[in-house]
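What follows draws every value from the coordinates through simple rules; no lab data is involved. Only a predicted model underlies this, so the values are computations on that prediction, with no experimental measurement involved. Cβ placement follows ideal geometry from the backbone for every residue including glycine, while neighbour counts extend to all protein chains displayed.
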Amino acid sequence: MTASANMVGPVLRMVDEVDAVVRAIVEDNPDREVELVDRGAYVRVQAEWCLRVSRESIERHVGRPYQMRELEQILASFAGRITTTSDEVIWRFRNG
């Protein structure tokens with residue numbers, strides 16, 4: 001993927017469930033080229049324009065019920081504008 005100013009997505013702290021959350025993000029974005037940048041203490045998950053993750057996908061990958069507020073606890077930062085509900089989180093690029 002080439003560098004772009006239109007990249008959006010979360011920066012996740014390295015915790016026990018981070019791999020499952022990353023797999024859920026990739027699964028929920030089959031039409032996007034999702035880029036992972038592992039920095040040791042955190043992982044940046046990014047794609048151009050829009051990225052989303054659903055509670056259902058996270059639950060499937062972590063193997064237990066999951067509250068979206070748990071994602072906030074491992075969210076160190078993010079790029080783009082974020083929209084959160086009890087069922088999904090969406091990161092979008094908006095100019096202006």
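A few comments on the model shown:
- Residue-level check: of (1) among the aliphatic types (A, V, I, L, M); (2) in contact (Cβ under 8 Å) with a residue 24 or more places away in the chain; (3) surrounded by 14 or more Cβ atoms within 10 Å (Cβ to Cβ); (4) in contact with a strand residue (DSSP E or B) (Cβ under 9 Å, 6 or more places away or on another chain), residue 41 misses just (3).
- Test: residue in segment 15-23 that is touching a helix residue (DSSP H, G or I) at 6+ places or on another chain (Cβ under 6 Å), free of Cβ contacts under 8 Å to residues at least 40 places away in the same chain and not in a strand (DSSP E or B): yes
- Residues of segment 57-74 satisfying the condition of being in contact with a strand residue (DSSP E or B) (Cβ under 8 Å, 6 or more places away or on another chain) and crowded, with 17+ Cβ neighbours inside 10 Å: 71, 74
- Residue in segment 26-49 that is farthest from residue 86 (Cα to Cα), counting only those that are among the acidic types (Asp, Glu) and part of a strand (DSSP E or B): 38
- Subset of segment 50-96 (residues that are touching a Cys at 6+ places or on another chain (Cβ under 8 Å), in a strand (DSSP E or B) and in contact (Cβ under 8 Å) with a residue 60 or more places away in the chain): 91, 92
- Within this structure, residue 47 passes the test of being under 22 Å from residue 93 (Cα atoms), among the small types (Gly, Ala, Ser) and under 11 Å from the mean Cα position of the chain (by Cα).
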